[in-house]
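The values are calculated or read from the model by the stated rules, or taken from the named source; none is laboratory data. Since this is a predicted model, take the numbers as computed values, not measurements. Cβ placement follows ideal geometry from the backbone for every residue including glycine, while neighbour counts extend to all protein chains displayed. What goes into the accessible areas is simple: the full protein's heavy atoms, side chains included, and nothing from ligands, DNA or RNA. Shrake-Rupley method; radii C 1.70, N 1.55, O 1.52, S 1.80 Å.
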Amino acid sequence: MVGISTLEKLKSIRRGDLTAVDHIEEKIDEIKDRDEGINSFLEINQDSIEKAKEIDRKIEKGDEVGKLAGLGIGIKSNINVKGLKATCASKTLENYTSTYNAVVIERIKQEDGIILGMNNMDEFACGASGETSYFGPTKNPAAAGKIPGGSSSGPAAAVASGLCDLALGSDTGGSIRNPASHCGIVGLKPTYGLVPREGLIDLSMSFDQIGPLSPDVEGAALLTEVIAGKNNTEGIMHDVKSVEYMDKINPDLEEMKIGISPKFRELTDSKIMEVIDDSIDFLEGEGAEIVNVDLPNLEKAMPTYYTILSVEFFSATRKFDGRKYGHKIEDVCGDEVLRRIVRGKHISQKEFKNQYYQRALQVRTLIKKELEKALNETDVLVGPTVPKLPHDIGEDITPSDMYAYDYLTTPANLGGLCGGVVPAGEKNGIPIGLQIQGSTLDEASVLRVMKKMEEKE
Amino acid sequence: MWLTENREEKIKKSAEEIIDKFSEIEKNLPTEEKTYYLLSSLNVLRSDKKESSEEKRKSFRKNFLRIMPEKDDEGNLKVEVAEWSE
């Protein structure tokens, strides 16, 4: 479905075997031809061909080109790209054209990546299914009739269907990893504070992190290298100037300790666990040592996450009052966005008793400590990404059932850890992704295991 | 949409379910420090960005004015008076 590897594509453009213009024109034609049935793009960047011409001229002259030269990149619609609409897939911002570039966009452009357009998503990143967009649901190109997952539904579906080479999503409680799993592609949530958030329309400032979606592990590693590193005008970032992964993802698992928790099995559908167990056997067979770890409060991460998130989301959305731009959010938003605003307001009003938010910040500490302890005993934690198979698009499920998709992804956000997803197999024709979680700033170990998984048949 | 009573009631009820769930799970957990920020190195003294060029500022203003909901005859942003000030 996704053709040649990202690195082969890059080499081909650099050698001049494939011009950037031909490549980008083909992508745009494919979006026009095929995306009506997928709904992964909300807007195409009309300047992309001009940018491709610039890159071809550089290559013809023998000038040096950037790390992403000629690749077409889709951008989730909550990241500002100057001149394109950052709607957050909401009526609230349906006419909002970005007046500036997010820092990650500036970095992609500096490395000659080509912004193909803006991708669909769950409204204001509130959703785990890709169904809550004001512009209609995104379809799953890898499992017909099933949800693609969310909230980065558009970036995942666009990569899975080959409509773009790479994409940027954001992950607050699993929004990169969940759709990567359902769509059968690679996704990486970098460590909190490794990638600049300036220019991301925030859902929850203490959890949000921008990261890549890619058809392969090297593509995800490359895009992370480009976007990661300290931005001096941000308040909360790791003191890391830049990162290099490409020479560290040699898939040698000797001396690697992989942690697994019985909690993963307790929370997860047995059909999914069959595929995960098979992957763990494969990794053990390739030389990794499998170690049992204790995560006694793992299932408490999800309700803790939603308590903190709702307060931060309520605060973040107060700027959408319809005065300077857009519409007042409460007048036009969908049910899930309104639910989170109402909940955040309710918790904030009750907060004089320190009953919910302040207490949730304590539980976050507890879960963070437990994850850190487990990762002190091992190099990475490996398990399922989502606890259940995706439902049919349009199926009526309760908010609680929707939140249940997040049981296994929210812990990494509470702990500020990194986590990657790589295809592990299929069940009833539905892709299942393996989640690999790593310590703060240890993306290299996560990517190593992901790279090894690409060898699994 | 916000003002529909039925919708608001239904949303309120479902919004509270997860809070009830949280109240249930936190009961027997120990007291811990609160984690507001995941990083202790809060860069509060960060330097400002360099001032943009006159041309960039003009272009930003032009683009911003294009997306604002209402403007007066001179092209200035026009907003409704806040309810609390009336």
Practice task
Please list, or write none, the aspartates and glutamates whose alpha carbon is within less than 20 Å of the alpha carbon of residue B:56, excluding same-chain residues fewer than 8 places away.
Solution key: A:47, A:106, A:198, B:48
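With the contact rule set at Cα under 8 Å and sequence spacing of 6 or more, what percent relative contact order holds for region A:6-227? Before the final figure, lay out each step's value.
Working: 553 pairs, mean separation 45.1, N = 222.
This gives 20 percent for region A:6-227.
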Problem - Calculated P(r) tail over 23 Å for region A:6-227, as whole % of Cα pairs - result: 38
Practice task
Choose one answer from B:51, B:16, B:33: the residue with the largest mean-square fluctuation in a GNM of chain B with alpha-carbon springs under 10 Å.
Solution key: B:16
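List the trypsin sites (Lys or Arg not before Pro) within region A:221-258 that DSSP assigns to loop and that have no more than 14 neighbouring Cβ atoms inside 10 Å. Present the calculation step by step, with values, prior to reporting the outcome.
Values: sites: A:230, A:241, A:248, A:257; in loops: A:230, A:241, A:248.
Those satisfying the criteria are A:241, A:248.
In the P(r) worked out for region A:1-53, what percent of Cα pairs fall beyond 13 Å? It would help to have the intermediate numbers written out before the result.
Numbers: 899 of 1378 pairs.
Pairs farther apart than 13 Å: 65 percent.
Taking only the Cα atoms of region B:25-86, how large is their convex hull per residue, in Å³?
Values: hull volume 17.0 nm³, N = 62.
With only Cα atoms used, region B:25-86 gives 275 Å³ per residue.
Students often get this wrong, so check it: of A:91/A:328; A:189/B:49; A:91/A:146; A:91/B:58; A:248/A:451, which have C-alpha atoms separated by over 18 Å? Mind dumping the intermediate values first?
Working: A:91/A:328 10 Å; A:189/B:49 27 Å; A:91/A:146 25 Å; A:91/B:58 28 Å; A:248/A:451 10 Å.
Violating the 18 Å Cα-Cα cut-off are A:189/B:49; A:91/A:146; A:91/B:58.
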Exercise for the section: Find how many whole Å separate the alpha carbon centroid of region A:16-63 from the alpha carbon centroid of region A:96-154. Expected result: 18
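Which GluC sites (Glu not before Pro) in region A:191-300 sit in a loop by DSSP (not H, G, I, E or B) and have at most 12 other Cβ atoms within 10 Å of their own Cβ? Before the final figure, lay out the partial values.
Working: sites: A:198, A:218, A:225, A:234, A:244, A:254, A:255, A:266, A:274, A:284, A:286, A:289, A:299; in loops: A:198, A:234, A:244, A:254, A:255, A:286.
In loop regions of region A:191-300 (DSSP not H, G, I, E or B), the sparsely surrounded GluC sites (Glu not before Pro) are A:244, A:254, A:255.
Using a 1.4 angstrom probe with every protein chain in place, what is the largest-first accessible-area order of B:49, A:109, B:10?
Details: B:49 125, A:109 80, B:10 155 Å².
Per-residue accessible area, sorted high to low, gives B:10, B:49, A:109.
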Handout entry: Unsatisfied cross-links (Cα-Cα over 19 Å) in the set A:139/A:271; A:263/A:373; B:50/B:71; A:241/A:368
Key = A:139/A:271; B:50/B:71; A:241/A:368
Problem - Inter-centroid distance (Cα atoms) of region A:187-246 relative to region B:25-69, Å - result: 15
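Quick check: convex hull of the Cα atoms in the protein assembly as shown, volume per residue, rounded to a whole Å³? Walk me through the intermediate numbers first.
On the way: hull volume 86.8 nm³, N = 543.
Hull volume normalised by residue count: 160 Å³.
Could you pull out the GluC sites (Glu not before Pro) across region A:29-114 that fall in loop regions by DSSP (anything but H, G, I, E, B) with no more than 12 other Cβ atoms inside 10 Å?
On the way: sites: A:30, A:36, A:43, A:50, A:54, A:60, A:64, A:94, A:106, A:111; in loops: A:64, A:94, A:111.
Here the GluC sites (Glu not before Pro) that fit, given the DSSP loop and packing criteria, are A:64.
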Practice task
Starting from the Cα gyration tensor of region B:1-60, multiply each eigenvalue by 5, take the square root, and state the resulting semi-axes largest first in whole Å.
Solution key: 42, 29, 5
